[in-house]
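All remarks here apply to the structure that follows.
The values are calculated or read from the model by the stated rules, or taken from the named source; none is laboratory data. Everything numeric in this text was worked out from a predicted model, so none of it was measured. FYI the Cβ positions are ideal-geometry reconstructions off the backbone, even for glycines, and counts take in every protein chain you see. Just the protein is used for accessible areas: all its heavy atoms, side chains included, with ligands, DNA and RNA removed. Shrake-Rupley method; radii C 1.70, N 1.55, O 1.52, S 1.80 Å.
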Amino acid sequence: MSTLPPIFLDLAIILITAGVTTVIFKWLKQPLVLGYIVAGFFIGPYFPWFPAITDSTNLHVWSDIGIVFLMFALGLEFSIKKLKKVGVTGAITALTELAIMFLIGNMVGHLLGWKTMDCIFLGCMLSISSTTIIIKSFDDLKLKQQKFTSTVTAVLVVEDLIAVLLLVILSTLSVSKSFNGGELGLSIVKLAFFLVIWFVFGIYLIPTFLRWMRRWMTEETLCIVAVGLCFGMVVLADFAGFSTALGAFVMGAILAETIEADVIHRIITPIKNLFGAVFFVSVGMLVDPHVLVKYWLPILVIAATVVIFKSSAATTGILLSGKPLKTAMQGGFCFCQIGEFSFIIAGLGLSFGVIDPNLYPIIVSVSIITTFVTPYMIKAGTPAYEMADRRLPQKVKNAVERYSTSTKNTGHNTAVRTFVTKQLVTIIIYGFILFALGMLSTLLLKPFIDNLFAEWHIPAIWGHLLGLTATLLAMAPFLWALTVKGVSRERIRKMLQTYHGSQVAVIPLLALRYFIAVALVGMVVSAYLKAAVGLILIIAIGVMAVVLLSRKATDSYNRIEERFVSNFNQRQAQNSFKIPQSLEQKFIMERMTMTAYSPLVGKTLAQSGFRPGYRVNVASIERAGKIYDLPDKDFLLMPGDRITVLGDEDHLAQVRHDIEVEPDMLIHDHSDNEINIYRLEVKEGSPLVGMDIHLSGMKEKHHSMVIAIERGEEYMLNPVASTIFQSGDTVWMVSPEELNVQDFN
């Protein structure tokens, strides 16, 4: 009787079935993610003619790990700089899509005769796209480096953040049957707080830690450290009340700013593929043919609604954000499915008992159908644009182009708006940092000091003074930044004199900075000292005065900021140069790794035709850790070279196709007898007698090579070219051609 846990048998069934199915789908030239889903259906509980999974609990754990690795890999490919660059686009698109799909989902639910709460949940479920399905489809279709994918990823990130808020709203509605705006606002502040803290402290600490370990780090240890950091952030996110997927993405985005990012992505890719396969197989196991038959009409109606209206809403949102029509349609067609967050929302409704139990299998079935459609919709984006470009009236195309151009030229260009934006960013970042330091001190440091001084029988007041001093010293650099950084008296005076009405914005913001600083210091003082409000206020103002006059606080902050900026720009500093902002809309700088299968291997830069043929420029080439900036035309290209090229999206896509070439088959079976071996006995009177190997012309005339000579008891392996043949020698030689050894005598 077997003593193995059931998970061993389940994994064997999952991976073998998924392997066979994906090979078939690869042969059919279909996306692999569809193969995983079909494999899941075969081994699921609703397909009785195939071995089924027995331990569903462990399977769900493995699929959750798959989501973590998929989101971690996504974060590694999508840096914070990219999020900042396309963040406005992501927010506008996500909010537009959310509003449209929520309304349409409600309407569809009412048309199907469902209850109000079912319609509300349906609208929310249809609003959130599947990050894992889209990213996996990008992987399968080799589209990760396309320009529109960064826009899609930004929208997905914003959607995931919105999904967290939706869970809070729906939980409130389910319990109280009423909307609680205060709780929603608190959730938004909480989310922003944790994101700022995670990114700021993560970028300050983690690259420094990796730099310190770099000398002793191998691929094995780097993999362990990276995965450990990923799961550490997942635990923190769960502890803070957010999704594990968000935590994995955040850590990936932090590590994306390090120079180890490319190596980390390469070494975790096999792990991501393994656990990701389990996740998609588990999705396929949810397909119930009986539900499909019973509720076929609602399933088809909702699926068609998702495919048609969701992609249209996303396209509209991307257009409204100022992107051109091509990017809007390519990106919008990616949003044609629902996924994991829809399952979570449906599960939430079931747990509170506020939705019909049949809604869950219906949503799962819609997710499966739309998942199948996703790769084809993504591929259809470009042809759809080309058709629209041919048929749209020129006036419409000109209007879209003017709108896209106007959104780039307009913006917060005035001095007052720029000042207000910077002040708000300063208040948010440093306010959150100071609040986090205060909470850590209050919740962790103070109890530790109280217990320690109680054991040592020392009056608690001394411990409180020690803790308060340590906390204020840690807060001092950031207090200086909150109250002084970016405040130029001359600039403010000039602004107040030049711009009429600017006092309404400038003076309150400056006052708010000082008020928040005093309030946060007062919060810490009140936690350690039992004093009246007036005394606490006096102490807080005194501390602020000392900080403002302290040169050490200024120097400490400058060192912290210098380290942070260095870490934040660490990966970008590896580039040969930075593209000016005015050229970023036209040019892209990208690194590509040349594979051994590339037709450019063994050619010089002049022969490769990068500039005349592909119309791209080679800025640098990295080989074995050495950077060759602006290589000359005679530079020979080799496998493994990391080439930094500069060009527009279309030209980079063309050159990428010829540089990052994948083999048509992973393993090639070569015949053992492609090279023939011959045995030649040198006879008396042979023309070879007295002639050396070089003069015999064996290589030039017969394309053969002598590998050994037997002479009596002597055995010469790989004889040199000056070896002279003697009568009676037995010569062993190899040749790719058919030879008659008698011709040599």
| note | Of (1) surrounded by 13 or more Cβ atoms within 10 Å (Cβ to Cβ); (2) assigned to a helix (DSSP H, G or I), Asp743 fails just (1)
| remark: For segment 313-337, pairs from a residue that is surrounded by fewer than 24 Cβ atoms within 10 Å (Cβ to Cβ) and aromatic (Phe, Trp, Tyr) to a residue that is at pLDDT below 90 and in a helix (DSSP H, G or I), with Cβ under 7 Å and 6 or more apart or across chains, are none
| Within segment 217-246, tally of residues that are within 17 Å of Ser63 (Cβ to Cβ) and free of Cβ contacts under 8 Å to residues at least 24 places away in the same chain | 1
| said: Please go through segment 223-281 and give me each residue that is under 15 Å from the mean Cα position of the chain (by Cα), hydroxyl-bearing (Ser, Thr, Tyr) and more than 12 Å from Ala73 (Cβ to Cβ), ordered by number. | reply: Thr244, Thr258
| With Val306, Val287, Val283, Val301 as the choices, which residue is of a type in the set (Val, Ile, Thr), within 13 Å of Ile369 (Cβ to Cβ), open to solvent by less than 30 Å² (accessible area, probe 1.4 Å) and at pLDDT 85 or above? | Val306
| Checking Thr371 against (1) modelled with pLDDT of 80 or more; (2) surrounded by fewer than 23 Cβ atoms within 10 Å (Cβ to Cβ), which single condition isn't satisfied? | (2)
| query | Applying the selection to segment 580-600, what residues are under 23 Å from the mean Cα position of the chain (by Cα), at pLDDT 85 or above and part of a loop (DSSP other than H, G, I, E, B)? | reply | Met594, Thr595
| task | Can you tell me which residue among Tyr385, Tyr403 is open to solvent by less than 60 Å² (accessible area, probe 1.4 Å), in a helix (DSSP H, G or I) and touching a residue at least 40 places away in the same chain (Cβ under 8 Å)? | result | Tyr385
| remark: Inside segment 321-349, the number of residues satisfying the requirement of being of a type in the set (A, V, I, L, M) and at pLDDT 85 or above is 4
| Every pair of residues 6+ apart whose Cβ atoms lie under 7 Å, when the first sits in segment 442-460 and is within 19 Å of Ser526 (Cβ to Cβ) while the second is of a type in the set (D, E, K, R) | Ala460/Asp450
| Within segment 678-704, restricting attention to residues that are basic (Lys, Arg) and without any contact (Cβ under 8 Å) to a residue 24 or more places away in the chain, which residue is surrounded by the most Cβ atoms within 10 Å (Cβ to Cβ)? | Lys699
| Matching entry among Leu229, Leu173 (being at pLDDT 80 or above, open to solvent by less than 80 Å² (accessible area, probe 1.4 Å) and in a helix (DSSP H, G or I)) | Leu229
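Scan segment 1-34 for residues that are among the β-branched types (Val, Ile, Thr) and closer than 28 Å to Ile378 by Cα and jot them down.
Ile14, Thr17, Val20, Thr21, Thr22, Val23, Ile24, Val33
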| request: Provide a single number: the residues in segment 515-549 that are more than 16 Å from Leu468 (Cβ to Cβ) and at pLDDT below 80. | output: 6
| request: Would you point out the residue of segment 351-363, among those that are assigned to a helix (DSSP H, G or I), touching a helix residue (DSSP H, G or I) at 6+ places or on another chain (Cβ under 6 Å) and open to solvent by 60 Å² or more (accessible area, probe 1.4 Å), that is nearest to Leu156 (Cα to Cα)? | output: Tyr360
| message | Suppose we keep only residues that are among the aromatic types (Phe, Trp, Tyr) and part of a helix (DSSP H, G or I) within segment 61-106. Which one would you say is modelled with the lowest pLDDT? | response | Trp62
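Looking only at residues that are more than 26 Å from the chain's Cα centre (by Cα) and hydrophobic (A, V, I, L, M, F, W, C) in segment 338-350, which one is surrounded by the fewest Cβ atoms within 10 Å (Cβ to Cβ)? I'd like the intermediate steps shown before the answer.
Restricting attention to segment 338-350, the residues satisfying the condition of being more than 26 Å from the chain's Cα centre (by Cα) are 346-350.
Adding the requirement that they be hydrophobic (A, V, I, L, M, F, W, C) leaves 346, 348, 350.
Values: Ala346: 24, Leu348: 18, Leu350: 15.
Among those that are more than 26 Å from the chain's Cα centre (by Cα) and hydrophobic (A, V, I, L, M, F, W, C), it is Leu350.
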| Can you tell me which residue in segment 601-650 is farthest from Pro324 (Cα to Cα), limited to those that are part of a helix (DSSP H, G or I) and open to solvent by 70 Å² or more (accessible area, probe 1.4 Å)? | Gln607
| message | Any residue that is charged (D, E, K, R), part of a helix (DSSP H, G or I) and closer than 21 Å to Ser312 by Cα - is there at least one of those in segment 130-149? | response | yes
